[in-house]
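The values are calculated or read from the model by the stated rules, or taken from the named source; none is laboratory data. Fair warning: this is a prediction, and the values are worked out from it, not measured in the lab. Here the Cβ positions follow ideal geometry from the backbone for every residue, glycine too, while neighbour counts run over all protein chains shown. Note: accessible area is taken over every heavy atom of the protein model, side chains too, but ligands, DNA and RNA are not part of it. Shrake-Rupley method; radii C 1.70, N 1.55, O 1.52, S 1.80 Å.
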Amino acid sequence: MTEQNKSLEELSTNQRLPSFFHAAVCFAGVLLLISLGLFFFQASLHALIFLALIWVSVQAHGLGYSFIDIRHMMDEGIAKALPAIYIFLLIGMVIASFMQSGTIASLLYYGLDWLNPSIFLAVGLVLCSLMSIATGTSWGTVGTLGVVLIGIGDAMGIPLPLVAGMIVSGATFGDKLSPISDTTNLAAMSAETNLYRHIGSMLYTSLPTFVIVLIIFIVWGMQYGGNALPGSHINEIRSALSDTHQLDWWVTLLPLLLMFGLSIQRYAAEVSMSCSILLAMLIAVVYQGKDGVDVINALWLNSPGTTGIESIDTLLGRGGMYSMAWTLLLSIMALALGGIMHHAGFLRVLLMRLIANIRHVSALIATTIAAGFFGNMALGEAYISIILNCQLFKGAYQKKELDQAVLSRSVEEGSTLTTGLIPWTTAGTFYAATLGIPTLDYAGYALLNLLNPFVSIAMAVLGLGLLKRVR
């Protein structure tokens with residue numbers, strides 16, 4: 001067997017694991033490099049991730065790994081998230097095709113008619129939650145309904161970071177509880193618990209948090225009640241949209257309904273998105289009367305709208321694979337970084353030390369959630385973090401006589417909920433690119449993502465929602 005053909009299992013046995021001190025230094029170096037470069041020097045995040053890759057590779061080499069070994073780890077890190085990369089590209093095309101077909105224009109046209117600024121945030125939260133539950137994808141929700149809500153919120157004069165935080169909160173809540181969500185199924189499978197047992201366990205902490213967040217958004221929304229657009233401005237926007245698009249909703253909303261229906265039927269996200277793209281392209285050519293070549297080219301890079309209203313034209317020009325390039329490149333580099341952190345054992349060693357010192361149930365749950373957050377920071381996405389933490393913490397939950405659904409819930413609250421709050425994760429970069437709002441700008445308003453982990457820990461301290469293991 002050549003060196004190039006070594007499996008990762010062989011690598012992990014042939015080379016030594018890092019010490020706890022070495023693992024801590026390696027992880028701290030990554031965080032320090034990225035945080036200082038990002039916040040103090042305003043350096044390029046891509047360049048910082050590259051430097052972090054060099055740093056972690058040197059640390060892995062110090063453990064006896066060769067360049068071939070390290071590259072293999074990077075390959076594996078990227079390969080684990082290939083489905084997310086495919087969806088990156090598809091979402092860019094979904095947005096562009098929906099712009100071309102008039103789907104987004106129709107949603108904006110009719111949405112301006114019934115969304116009042118004072119209830120906009122609360123209604124948007126509920127709508128994003130329902131759509132994400134039904135489709136099983138927070139990314140799809142953000143890329144379709146989220147884009148529309150950003151446009152409406154902008155027209156109403158509501159701060160866009162606040163609108164983006166609301167969208168991410170609702171989309172994440174629905175994704176977390178949807179039986180057709182990939183992360184929901186992955187967490188249940190990795191923790192070896194029934195899917196619906198897992199969802200039922202999450203309801204204990206997610207529903208109270210959702211009610212709290214909904215109340216906050218209702219209160220916040222009231223201060224924008226006076227921001228209602230003048231009737232003349234609404235009419236101007238609606239006239240501009242109707243002059244440049246055919247807006248019969250029973251035609252223009254068909255691509256969205258198709259994607260929604262296929263998702264409910266549990267077709268793969270790639271299939272439902274591809275079918276909706278093709279239908280949207282057909283509507284753009286046949287119904288909207290657009291040139292077929294222009295519609296095809298828009299899938300690569302969409303062109304601005306022609307309504308004459310700058311903000312609306314910018315919105316209608318969103319989408320295309322090229323628009324996802326910044327996000328995609330950053331994600332690939334972050335995934336490669338995570339592959340080394342995972343397979344060289346740096347993250348595993350850190351977590352095992354934490355588990356060894358846990359005495360109380362509430363501390364176990366808090367540690368699991370924190371491990372998910374730091375796992376996301378190190379690995380660049382939630383999938384590996386979910387699998388790794390379920391594996392590492394499974395025995396500890398069994399010793400505490402806790403149901404495995406409590407483990408899967410805690411892992412999701414640490415991994416799924418926090419991944420969109422970190423600028424270099426796949427979710428954080430995707431949300432920022434799609435909504436046009438930097439991750440750190442909206443993170444403070446993604447209230448459900450921020451509060452849910454703390455609600456879960458508080459409930460554990462009070463002894464609430466701690467399902468006991470069924471023998």
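Yes or no: the range 390-405 includes at least one residue that is touching a residue at least 24 places away in the same chain (Cβ under 8 Å), among the aromatic types (Phe, Trp, Tyr), open to solvent by less than 10 Å² (accessible area, probe 1.4 Å) and under 29 Å from residue 137 (Cβ atoms). Among the residues of the range 390-405, at least one is touching a residue at least 24 places away in the same chain (Cβ under 8 Å), among the aromatic types (Phe, Trp, Tyr), open to solvent by less than 10 Å² (accessible area, probe 1.4 Å) and under 29 Å from residue 137 (Cβ atoms), which makes the answer yes. Taken together, 49, 70 contain a single residue that is more than 30 Å from residue 320 (Cβ to Cβ), at pLDDT 85 or above and surrounded by 13 or more Cβ atoms within 10 Å (Cβ to Cβ), which is 70. Residues in the range 77-97 that are part of a helix (DSSP H, G or I) and open to solvent by 60 Å² or more (accessible area, probe 1.4 Å): 82, 83, 86.
Quick one: how many residues across the range 159-176 are open to solvent by 20 Å² or more (accessible area, probe 1.4 Å) and in a helix (DSSP H, G or I)?
Here is the first cut: in the range 159-176, the residues open to solvent by 20 Å² or more (accessible area, probe 1.4 Å) are 159-161.
So of that shortlist, the ones also in a helix (DSSP H, G or I) come out as 160-161.
Here the count works out to 2.
Return the residue satisfying two criteria in turn: it lies in the range 199-215 and is farther than 12 Å from residue 459 by Cβ and modelled with pLDDT of 95 or more, and of such residues it is least open to solvent (accessible area, probe 1.4 Å). Within the range 199-215, the match that is least open to solvent (accessible area, probe 1.4 Å) is 213.
One line per residue, one yes/no per condition, for (1) touching a helix residue (DSSP H, G or I) at 6+ places or on another chain (Cβ under 8 Å); (2) surrounded by fewer than 23 Cβ atoms within 10 Å (Cβ to Cβ); (3) farther than 28 Å from residue 428 by Cβ:
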| position | (1), (2), (3) |
| --- | --- |
| 257 | no, yes, yes |
| 281 | yes, yes, yes |
| 284 | yes, no, yes |
| 331 | yes, no, no |
| 334 | yes, no, no |
| 342 | yes, no, no |
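Among the residues of the range 365-376, those identified as at pLDDT 85 or above and crowded, with 23+ Cβ neighbours inside 10 Å are 365, 368, 369, 371, 372, 376. As for the range 229-245, it holds no residue that is in a loop (DSSP other than H, G, I, E, B) and at positive phi. Total residues in the range 185-198 satisfying the condition of being assigned to a helix (DSSP H, G or I) and surrounded by fewer than 24 Cβ atoms within 10 Å (Cβ to Cβ): the figure is 7.
Examine the range 430-442 for a residue that is of a type in the set (D, E, K, R), in contact (Cβ under 8 Å) with a residue 60 or more places away in the chain and surrounded by 24 or more Cβ atoms within 10 Å (Cβ to Cβ), and state whether such a residue exists. Within the range 430-442, not a single residue is of a type in the set (D, E, K, R), in contact (Cβ under 8 Å) with a residue 60 or more places away in the chain and surrounded by 24 or more Cβ atoms within 10 Å (Cβ to Cβ).
Being part of a helix (DSSP H, G or I), aliphatic (A, V, I, L, M), in contact (Cβ under 8 Å) with a residue 24 or more places away in the chain and surrounded by fewer than 17 Cβ atoms within 10 Å (Cβ to Cβ) is a description that does not apply to residue 133. Taking each residue of the range 56-67 that is open to solvent by less than 30 Å² (accessible area, probe 1.4 Å) and looking for partners that are basic (Lys, Arg) and in a loop (DSSP other than H, G, I, E, B) with beta-carbon atoms closer than 9 Å, six or more apart or interchain, yields 63/16. Only one of the numbered conditions (1) over 22 Å from residue 433 (Cβ atoms); (2) under 17 Å from the mean Cα position of the chain (by Cα); (3) free of Cβ contacts under 8 Å to residues at least 24 places away in the same chain is not met by residue 325, and that is (1).
Within the range 79-104, how many residues turn out to be closer than 18 Å to residue 260 by Cα, of a type in the set (A, V, I, L, M) and at pLDDT 80 or above? Going through the range 79-104 one residue at a time, the tally reaches 7. Of all residues in the range 105-124, those that are of a type in the set (Asp, Glu) and assigned to a helix (DSSP H, G or I) have Cβ atoms under 9 Å from Cβ atoms of residues that are at pLDDT below 80 and open to solvent by 10 Å² or more (accessible area, probe 1.4 Å), 6 or more apart or on another chain, in 113/234. Filter the range 105-135 down to the residues that are modelled with pLDDT under 80 and among the small types (Gly, Ala, Ser), then identify the one that is farthest from residue 221 (Cα to Cα). Ranking the candidates gives 134 first.
Looking across the range 286-326 at every residue that is open to solvent by less than 20 Å² (accessible area, probe 1.4 Å) and assigned to a helix (DSSP H, G or I), the one that is modelled with the lowest pLDDT is identified as 315. Return yes or no: is residue 382 within 18 Å of residue 28 (Cα to Cα), surrounded by 24 or more Cβ atoms within 10 Å (Cβ to Cβ) and at pLDDT 80 or above? Against the criterion (within 18 Å of residue 28 (Cα to Cα), surrounded by 24 or more Cβ atoms within 10 Å (Cβ to Cβ) and at pLDDT 80 or above), residue 382 does not qualify. For residue 338, the conditions (1) at pLDDT 80 or above; (2) surrounded by fewer than 18 Cβ atoms within 10 Å (Cβ to Cβ) all hold with the exception of (2). Filtering the range 344-357 to residues that are of a type in the set (Gly, Ala, Ser), open to solvent by less than 50 Å² (accessible area, probe 1.4 Å) and in a helix (DSSP H, G or I) leaves nothing.
When we screen 155, 105, 122, 171 for residues that are out of contact with any strand residue (DSSP E or B) (no Cβ under 9 Å at 6 or more places or on another chain) and over 25 Å from residue 448 (Cα atoms), the only hit is 105. So, residue 206, is that one out of contact with any Gly (no Cβ under 8 Å at 6 or more places or on another chain) and among the hydroxyl-bearing types (Ser, Thr, Tyr) or not? Against the criterion (out of contact with any Gly (no Cβ under 8 Å at 6 or more places or on another chain) and among the hydroxyl-bearing types (Ser, Thr, Tyr)), residue 206 qualifies.
Residues in the range 299-312 include at least one that is in contact with a Leu (Cβ under 7 Å, 6 or more places away or on another chain) and over 19 Å from residue 434 (Cα atoms).
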